[in-house]
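Visitor: Right, I'll just put the structure down here and ask away after.
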Amino acid sequence: MFLEPLRADNTTIILIDYGLGFGNLIRSHPVTVNIANAAMLAETAKVFRSGLVVTNGPSGKASGPFYHQLLDIIDEEEIVVRGGMFNAFLFDEFKEAVASTGRKNIVIAGLMTEGCVLQTVLGALREGYTTYCAVDACGGMTKEVHLAAIERMKMSGAAPVSVLSLASEFLVDQTLPQSRDYFKLMDKYVPEISMVGELFNYAQAQVSEPSTHSLAARLKETT
């Protein structure tokens with residue numbers, strides 16, 4: 001059961017193969033959505049200081065060079081360049097990088113859902129990690145194969161999660177100081193959430209300092 005809260009101090013985020021070559025194959029989601037959700041996931045790791053492990057194949061391989069939008073967030077030196085293993089845990093340097101974070105919960109996302117993401121999720125389960133997949137930051141060649149891979153992950157013991165829900169779980173309480181960074185993330189990637197917050201603040205201000213032009217004030221003036 002997945003009852004332990006996901007916190008930055010007990011969770012490592014893993015980003016797999018966000019390369020231009022694979023991005024060109026995505027048909028399950030618009031590539032713009034994939035890039036945005038992957039970038040939000042990377043920034044979530046940075047903002048909350050969770051564990052973060054990034055891997056890609058050599059740039060000359062099919063995956064191609066890493067998304068530059070992610071390189072703007074992470075250091076290129078952080079990328080573990082591995083060989084042709086679909087299951088990244090078969091590559092010792094990657095396996096050691098994950099273990100060195102000292103966290104037992106891992107959240108995996110990347111490309112392609114039906115390939116390296118699925119096999120690395122299964123590899124993580126075999127290694128004994130409590131494993132999640134950030135499904136909206138993944139992408140497959142079709143919607144059907146993307147969903148089939150997620151179903152196999154679920155049947156094998158991994159849990160799906162969204163990027164927004166993970167960031168919200170990391171924050172857990174909007175009164176904490178980190179809420180400012182959280183809402184900066186929302187403003188950048190999920191502006192609808194920021195709009196709700198702005199509307200709430202506006203309403204609170206109207207209650208505490210009612211405008212003389214408000215309907216309630218005009219009604220009071222006429223009675």
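The values are calculated or read from the model by the stated rules, or taken from the named source; none is laboratory data. Predicted model, so just to flag it, every value in this text is computed and none were measured. Cβ atoms come from the backbone with ideal geometry, glycine included; neighbour counts cover every protein chain shown.
Residue-wise test of (1) farther than 13 Å from Gly110 by Cα; (2) within 12 Å of the chain's Cα centre (by Cα).
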| site | (1), (2) |
| --- | --- |
| Glu4 | yes, no |
| Arg27 | yes, no |
| Thr44 | yes, yes |
| Arg49 | yes, no |
| Val53 | no, no |
| Ser59 | yes, no |
| Ser63 | no, no |
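Visitor: Shifting gears a bit: Whether any residue in the stretch 125-133 is crowded, with 17+ Cβ neighbours inside 10 Å and under 19 Å from Leu20 (Cα atoms) is what I want to check.
Guide: no
Visitor: Do we find that Asn56 is over 28 Å from Ser168 (Cα atoms), touching a residue at least 24 places away in the same chain (Cβ under 8 Å) and not hydroxyl-bearing (Ser, Thr, Tyr) in this structure?
Guide: Considered against the rule, which asks whether it is over 28 Å from Ser168 (Cα atoms), touching a residue at least 24 places away in the same chain (Cβ under 8 Å) and not hydroxyl-bearing (Ser, Thr, Tyr), Asn56 comes out as no.
Visitor: When you go through Leu15, Leu90 one by one, which is the residue that is at pLDDT 95 or above and farther than 26 Å from Ser165 by Cβ?
Guide: After applying the criteria, what remains is Leu90.
Visitor: Here's another thing I want to ask about it. Being under 17 Å from the mean Cα position of the chain (by Cα) and at pLDDT 95 or above: is that true of Ile35 here?
Guide: Yes.
Visitor: If you don't mind, another one. Could you list, in sequence order, all residues of the stretch 22-74 that are of a type in the set (D, E, K, R) and surrounded by fewer than 21 Cβ atoms within 10 Å (Cβ to Cβ)?
Guide: Correct list: Arg27, Lys46, Arg49, Lys61, Asp72.
Visitor: Inside the stretch 2-21, can you point out the residues that are on the phi > 0 side of the Ramachandran plot and surrounded by fewer than 15 Cβ atoms within 10 Å (Cβ to Cβ)?
Guide: Scanning the stretch 2-21 gives no hits.
Visitor: Looking at (1) among the hydrophobic types (A, V, I, L, M, F, W, C); (2) in contact with a strand residue (DSSP E or B) (Cβ under 6 Å, 6 or more places away or on another chain); (3) in contact (Cβ under 8 Å) with a residue 40 or more places away in the chain, find the lone condition where Ala167 falls short.
Guide: Single failed check for Ala167: (2).
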